[in-house]
1. From the phi angles alone, apply the Karplus equation (6.51, -1.76, 1.60; θ = phi - 60°) to segment 170-177 and give each ³J(HN,Hα) in whole Hz, x where the residue is Gly or Pro.
2. List the lysines whose alpha-carbon lies under 28 Å from that of residue 94, not counting same-chain residues fewer than 8 positions away?
3. Residue separation times 0.36 nm, minus the C-alpha to C-alpha distance between residue 149 and residue 53: what's the value?
4. Assign one of three labels to segment 73-176, namely rounded, prolate or oblate, based on the Cα gyration tensor with a ≥ b ≥ c the square roots of its eigenvalues; rounded applies when a/c is under 1.5, prolate when it is not and a/b is larger than b/c, and oblate otherwise.
5. If you keep only loop residues by DSSP, which GluC sites (Glu not before Pro) in segment 1-76 have at most 13 other Cβ atoms within 10 Å of their Cβ?
6. Quick check: Cα centre of segment 109-178 to Cα centre of segment 58-75, how many Å?
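Every read-out reported here was derived from the displayed coordinates using simple, explicitly stated rules and does not represent laboratory data. Note that this is a predicted model, so its numbers are computed, not measured. Neighbour counts run over all protein chains shown; Cβ positions are idealised from the backbone, glycine included.
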Amino acid sequence: MILSDQAIRQAMASGDIVVEPFKDTALGTNSYDVHLSKSLATYRDEILDARVHNQIDHIEIPPEGYVLLPGKTYLGVTQEYTESHKHVPFLEGKSSVGRLGIDIHATAGKGDVGFCNHWTLEISVSQPVRVYEGMPIAQLIYFEVKGDVKTLYSAKGSAKYNERSAKPVESMMWKNTF
């Protein structure tokens, strides 16, 4: 079941959901809008290797915006720091962003119960498009969980994205054994 605006408010009041900073105007009927921070990143190498730590270069979006180009993977990050202790957060694109040809995640839309961090965005575009710091970029939808959660994401020893970061975080696939 998806949480409504009032259920999201109740979960925030109890501390089960945290959104910092919280803007009342960003709360929708059954979602919360998150905004693009000033930080973007791109991979240094043209060919990425899943078994190595691929390095990234950080970019700061200037006041006049930054043009994203097709054929390149951009890592963005939300301005908002979030926590979800009892609900499954899903990050979904906004239709107005999609209509500009911007995809905000390739595969990682679902978060885990216990995820506490800014959201790294996997941004790609179908044509050149200028983006701005603070623009609404995605929305969080919260689902109820049936049953007790044995181990929160924040408590998992194998969790690769627990270190709090207001900058985009590159793939940590290289930490897996395969």
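1. Values per residue, Gly and Pro as x: 6, 4, 10, 3, 4, 7, 6, 9 Hz.
2. List returned: 23, 38, 72, 86, 110, 146, 160, 167.
3. 31.5 nm
4. Note, shape of segment 73-176 comes out prolate.
5. Passing both the DSSP loop test and the Cβ count: 46, 64.
6. That distance is 19 Å.
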